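Structure first, commentary second.
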Amino acid sequence: MSRPAASVMTSDLPPAAVVLELLKPITWFPPMWAFACGVVSAGTPLQRRWPLILGGIVLSGPLLCAASQAVNDWFDRTVDAINEPTRPIPSGRMPGRWGLFVAVLWSLLSMICAVALGPWVFGASVAGLILAWAYSAPPVRLKQNGWWGNLACAACYEGLAWVTGAVVASGGVAPSTRIVAIAALYSGGAHGIMTLNDFKSIEGDRRTGVGSLPVKLGAEHAGEIACVTMALPQFAVGALLLAWGQPHQAMVVALLLSAQLLLMRRLLVNPRERAPWYNGTGVTLFVAGMMVSAFALKSLAS
């Protein structure tokens, strides 16, 4: 005798822990941090805006970023079966089309939250979701090209989140050109970080035709490009802060960059093996420089 339909659905429902694993909480930090940098850089009093700011932080991480991770895992399930077979979808712990359902549901939840935070946030969220789906889903699937795919990711994780945080903190006022410039530069640097993340997927990407930079250029050249891409924007940030009369913050950014350059020398000895190590060391210095720059912008706004 077959079971009732409701019972079948209940038994097939993935556990909450598996759904959370699909949403990859470890990836939520970068856009949340960039949003916080945007809030600081606006340089405005925040007393009455904390509910909106906290809502924006939740939107940027546990909602929008989480949705993008679910989207990517669903459309990358064939690649993950090679690179990360223990992920929820290829391992079978997320059965059927539940992965796609979670991706759609989290996208809708993100939109509902974004509407409540105002038109600027809603517009930025729509742009972010379009890029997230275009990055992973055919026929566009931007990740097929390591240049364009990483650019889309970097723009969402850093620049878009930063500018949105500044808009929320300032009550819907468009950000200054200085804020946009610094956010854009750190987005450019994040392109290199995205390239480092691709090293863990070389084998699956190669076998499934994903043209990541490590696949297209080889590990050595991709590592060099990642380092240059991370370093040059930070050099430009330091130069701009110095030109804008913020010598102390410019010096801190320069010191953080100098430390990264030393770490990059070790990374380039074996970029495929040491990319995870650099993500835990050099990238930490990169994001520290973001907040230093945010406080410099705050000083300029006051």
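If I compute solvent accessible area with a 1.4 Å probe over the protein chains, what percent of it on the chain is carbon and sulfur? Show your work: numbers first, answer last.
Details: 9730 of 13900 Å².
Accessible surface attributable to carbon and sulfur in the chain totals 70 percent.
For the range 1-146, take every pair of Cα atoms, bin their distances at 5 Å starting from 0, and report each bin as a whole percent. Percent of pairs per bin, in order: 2, 9, 16, 19, 17, 13, 10, 7, 4, 2, 1, 0, 0, 0.
Can you give the accessible area per residue of the range 252-302, in Å², using a 1.4 Å probe? Please list the in-between numbers first.
Working: 2520 Å² over 51 residues.
Dividing the accessible area of the range 252-302 by its residue count gives 49 Å².
Under 23 Å Cα to Cα from residue 200, which lysines show up? Leave out anything in the same chain fewer than 8 places away. Partners within reach: 24, 143, 216.
Candidate membrane-span-like segments in the chain, meaning DSSP H helices with Cα atoms spread over at least 15 Å of their own axis and a Kyte-Doolittle mean of 1.6 or above, are 98-116, with no membrane implied. Cα-based values for the range 215-281, radius of gyration first and Dmax second, are 13.8, 43 Å.
Hull surface divided by four, with the convex hull built on the Cα atoms of the chain: how many nm²? Don't skip to the end; give the middle numbers.
Numbers: hull surface 67.0 nm².
About 16.8 nm², averaged over all directions.
The spread of Cα positions in the range 95-195, taken along each principal axis and listed from longest to shortest, comes to 46, 33, 19 Å.
Taking the helices alone, the chain has a mean residue ellipticity at 222 nm of -23500 deg cm²/dmol, built from -39,500 (n - 2.57) per DSSP H run of at least 4 residues and averaged over all its residues.
Pairs of Cα atoms in the range 170-277 fall into 10 Å distance bins, from 0 up to the last occupied one, in shares of 14, 37, 27, 16, 5, 0 percent.
The values are calculated or read from the model by the stated rules, or taken from the named source; none is laboratory data. The structure presented is a predicted model; accordingly, all values stated were derived computationally and were not measured. In case anyone asks, the SASA skips ligands and DNA or RNA and just uses the protein heavy atoms, side chains included. Shrake-Rupley method; radii C 1.70, N 1.55, O 1.52, S 1.80 Å.
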